[in-house]
1. Can you name the residue in the range A:64-107 that is in contact with a Gly (Cβ under 8 Å, 6 or more places away or on another chain) and polar (S, T, N, Q) and is also surrounded by the most Cβ atoms within 10 Å (Cβ to Cβ) among such residues?
2. Tell me which of these residue B:383 doesn't satisfy, since it passes every other one: (1) surrounded by 20 or more Cβ atoms within 10 Å (Cβ to Cβ); (2) at negative phi; (3) touching an Asp or Glu at 6+ places or on another chain (Cβ under 7 Å).
3. Can you pull out every residue in the range B:174-187 that is in a loop (DSSP other than H, G, I, E, B) and either facing chain A (nearest Cβ under 9 Å) or farther than 19 Å from residue B:155 by Cβ (or both)?
4. If you scan the range A:131-145, which residues turn out to be of a type in the set (Asp, Glu) and within 14 Å of chain B (Cβ to nearest Cβ)?
5. Just to check your reading of the model, which residue among A:59, A:130 is in a helix (DSSP H, G or I) and either acidic (Asp, Glu) or touching a His at 6+ places or on another chain (Cβ under 8 Å) (or both)?
6. Here are the criteria: (1) at pLDDT 90 or above; (2) farther than 24 Å from residue B:514 by Cα. Tell me which single one residue B:425 does not satisfy.
7. Out of the residues in the range A:180-207 that are within 18 Å of the chain's Cα centre (by Cα) and within 14 Å of chain B (Cβ to nearest Cβ), state the one that is surrounded by the fewest Cβ atoms within 10 Å (Cβ to Cβ).
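The values are calculated or read from the model by the stated rules, or taken from the named source; none is laboratory data. From a predicted model like this one, the values you see are computed outputs, not experimental measurements. Quick reminder, even Gly has a Cβ in these numbers, built from the backbone with ideal geometry, and neighbours come from all protein chains shown.
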Amino acid sequence: MTESNFLRELHDPDVPVPEGMQSSVAVTNLRKLADTVYNWGRRNSIWPMAFGLACCAIEMIATASSRFDQARFGMEVLRASPRQADLMLVSGTVTKKMVVPIVRLYNQMSEPKYVLAMGACAIGGGPFKEGYNVVSGVDKYIPVDVYVPGCPPTPQALLWGLIKLQEKIDKQSLGNANSTPWYGRGPSDEVPVPVLGPDIVDPRQAHLLRREAEAVQAQMVQAEGEEN
Amino acid sequence: MADQSPAVETVNPVDDAINHLIEKFGAAVQRDTRDGYSGVIVDPAQLVRVGRYVRDTLNYEYLANAAAVDYLGKGDHLEMVYHTYRVSGGPALVLKAQTPREDAVLPSLVPVWPGANFQEREAWDLMGIRFDGHPNLKRILMWEGFAGHPLRKDWKEAYYEQDQKPFDSRWPGGQVSRSEEHNAYGKNVKYPDGFTLDDYESLAEKAIYDTMPLGVDVSADISTDRVVVSLGPQHPSTHGVFRMVAAIEGETIRGLEPVMGYLHRNHEKIGERNTFLQNMPFTDRLDYFCSLSNNLGYALGVEQLMAHGARWEAPSRRAEAIRVLMVELTRILNHLVAIGFMLNDLGAYFTPLMYAIIERELILDFFEAVTGSRMMCNYMRFGGVAADLPASLRSTANQVNDRVREFDTMQYLRELIHDRLPRAVDQTDQLLTTNEIVTSRCIDVGILSKEDAIAYSAAGPVLRASGVPYDIRRAEPYSLYPELEFDVAVRYHGDIYDRYLIRLDEMRQSLRILKQILPILEETKGQSFFSGRGGIYSPRVPAGESYGRAENPKGELGYYIVSDGGQNPWRYHVRAPSFINLTALEQMSKGNKIADVVAILGSIDIVLGELDR
């Protein structure tokens, strides 16, 4: 955001400002000022988690390196610990075995936190979707803010996704607990960690699975009754 | 340096070996007489004895590959296939053992070839063959407690649609629906009776820690607790989602178990549903630094099968030259990045990697111009390559201000190969080789002896750094390599430092090869780059088996392919160098400090895409 843009956005249109001063003065209310300053700080210091899953992670590293230079956006500080990270770049295929640590890491990240699904696999399973160990999209388990398609996305595409994330942050407001759950009262809910059983089981779906199993069993009992 | 022109053999050495085996073991060893197959079928009761004889007396001491095949409806048995090689070079002696599908048991070959360890665990995990005498038989890619053995032909995944592609729902009608909609609850999953989540305890983690040596160690006068540390799967220096569980005493490693499967993307199951050609883009995603080398290995495997069929024409000289060009550029790219990553693990946070990526971008500019993609090139075809080299390409090379400029392709290659890359290699050498931190952390750490390297089936730079001059480009040459002049790089100490130096050596040899390839490209300009007929959706592949192997930057990449004459491979197995090189990780790490394990892992150079497949 350039300086004049910044002021224009901040300015309350109902308050008149003398001519000739529009480019250097903005009159606004406290909430709007807090939002803008807060978002401006946050959008320019997003620390991604150093967390590569698969092929896309290599393009992620390429994005961080000199030719594409992620540091231009204040995003070059890759943190290995989820506690220090603001952004989880899900860069690659999410397998059933891996989604357990991913959900746990997401729960460990401190708020505000964002998730960017990079590449076809993280978005929806991609070319490996039919596989027995592949989750068809990380958004089946954790909320995703930005989707960047590609297999793998080029560094330019990833940069586009990061800019989109900045735009999203610009629109967030301290007063709106619906769009930004971390400004609400009390801690936000943790995502339940999936269980590796005979197949992966999402605890949130357990009751649905039980209902299905009971329906199948009832059908079998009925079929047996008809045979007899 | 290996022999440039191998002496003409009057007797095929493999035939000779098979005759020896039959003479020695009688009815326990039979020739595999199925059409298109080779090797011998061994009676399981005699398998270990035959293995010992093959290793010690016949000198086939290197077990390259062990794969299981399910012959459902074609004899209804499971078959374990072992490819053994002589370290001095030459073709494979293939051993096979069969077992019924119900209650499948075979004797373990780990006592003969320790390198079979992970491969047998994989066969148990995915195919359900139990190995008698295996030291640690549990699942390796899936988690303990998973229902069923997924690579069996009658096993169906949660999103099962059809046995073979192209699926009716997509082609020719094109009515695509999302599989989670018509099979929302994974009806194929076999839950045990009365399964509920309420009191379920997952076996996945428990199985890993059960075998770790815990407790208290009492040495002379001081007693220390053994502590188990889990590194990964989310860890900055495990190169992706790899995980190591180490039992440490103080800071010294006493036991270490690699835990993998966090990127198991079911390459083989999907590969058996795909048509032969559909697998080509999937091979890109195995070792995602070296997609072109993966392509070549797979093309070699299928071409071996197609060579038996009618209407087969070998790739033209231009196609072979382009292949070698691509593969050797990939090798340089991979080694530069591998060294960068290794230095990352030594604590030089990202700087060497940044240097490597500068050169990588220049090579990727060329790849993108030729194949259309930076990383996932999908370029090789059965009988050639997908496209000729373009006349010109766009890159930022040699520009101070990073402006994109148009280059003549051959001119670009000449600058890259004669000027830019040699300087990059020399620069790496200059900055790192005598660096004090590098030398003090690397020399004499993580030693793998020559005997161990062969026994553990190590491949590529790891094998050659231990003093074994085994390079498939010389041992079983393919493509244009017989006529190209280069040396097989060897180092003799088998420590981290040698594994670093050998990558520098190999880059220099690759540059030597590339300098010879450029004139061949000039003289073959205008020749066809593809010997098959254009526009064929699915090439005809005759029935039989083949093992296509290529010397990838990370080691021997092998594709064991069984065709039943249909349009999909019946069995498609990938022998991944990253996976099998890890078998020796515990051996290399024991007795070292925990900080060194990270460096040792970096020196093996693993890539998760191919490790877990």
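1. Initial filter on the range A:64-107 (in contact with a Gly (Cβ under 8 Å, 6 or more places away or on another chain)): A:91-95, A:97.
Next, from what is left, pick out any that are polar (S, T, N, Q): A:91, A:93, A:95.
Values: A:91: 29, A:93: 34, A:95: 29.
The residue in question is A:93.
2. (2)
3. Of the residues in the range B:174-187, the ones in a loop (DSSP other than H, G, I, E, B) are B:174-178, B:183-187.
Once the filter is applied, which keeps residues that are in a loop (DSSP other than H, G, I, E, B) and either facing chain A (nearest Cβ under 9 Å) or farther than 19 Å from residue B:155 by Cβ (or both), the range B:174-187 yields B:174, B:175, B:176, B:177, B:178, B:184, B:185, B:186, B:187.
4. To start, the set of residues in the range A:131-145 that are of a type in the set (Asp, Glu) comprises A:139, A:145.
Scanning the range A:131-145 gives a single hit, A:139.
5. Details: A:130 fails: in a helix (DSSP H, G or I).
Step by step, each of A:59, A:130 is checked, and only A:59 is in a helix (DSSP H, G or I) and either acidic (Asp, Glu) or touching a His at 6+ places or on another chain (Cβ under 8 Å) (or both).
6. Residue B:425 satisfies all of (1) at pLDDT 90 or above; (2) farther than 24 Å from residue B:514 by Cα except (2).
7. The qualifying residue surrounded by the fewest Cβ atoms within 10 Å (Cβ to Cβ) is A:192.
Residue-wise test of (1) outside any helix (DSSP H, G or I); (2) facing another protein chain (nearest Cβ under 9 Å).
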residue	(1), (2)
A:147	yes, no
A:152	yes, yes
A:167	no, no
A:176	yes, no
